[in-house]
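Read the structure below first, then the notes.
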Amino acid sequence: QVVGGKVKKPGKRGRKPAKIDLKAKLERSRQSARECRARKKLRYQYLEELVSSRERAICALREELEMYKQWCMAMDQGKIPSEIKALLTGEEQGKAQYNSTKLAKAAKTEANGSNP
């Protein structure tokens, strides 16, 4: 038969099954299985490391939460923890530095603006 300028052979379509050596096929199968097990092992190692790192993060957050609870209980009793005093003092110093920087920039802008 001639269809569209090509000669068509009757029979099954697609690739003809090649005679594959049974030993080679089994070896490929074994190799594929070895690679699959190795990938699975790596995936489980990755997941275990991920879980352990998340557990460490959870422990750190619990400790931080406990510290904040203790601070709150101390403040309820009228005591201000030294850590909070340090934070407040640091913020005040930071605000003072920010304001002085802001004033210096404003003065610089004014000086530049008055000179044509």
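Rolling a 1.4 Å probe over the heavy atoms of the protein chains gives segment 22-87 an accessible area of 93 Å² per residue. Residues in segment 29-41 carry Karplus couplings, in order, of 5, 5, 5, 4, 5, 4, 5, 4, 5, 5, 4, 4, 4 Hz; the curve used is 6.51 cos²θ - 1.76 cosθ + 1.60 with θ = phi - 60°, and Gly or Pro positions show x.
For Glu63 and Leu47, the difference between the fully extended length at 0.36 nm per residue and the C-alpha to C-alpha distance is 3.3 nm.
Applying 0.36 nm per residue to the separation of Cys36 and Cys72 and subtracting their alpha-carbon distance, the gain on full extension is 7.6 nm.
The values are calculated or read from the model by the stated rules, or taken from the named source; none is laboratory data. Note that this is a predicted model, so its numbers are computed, not measured. When the accessible area is computed, the model is the full protein with side chains, heavy atoms only, and any ligands, DNA or RNA have been set aside. Shrake-Rupley method; radii C 1.70, N 1.55, O 1.52, S 1.80 Å.
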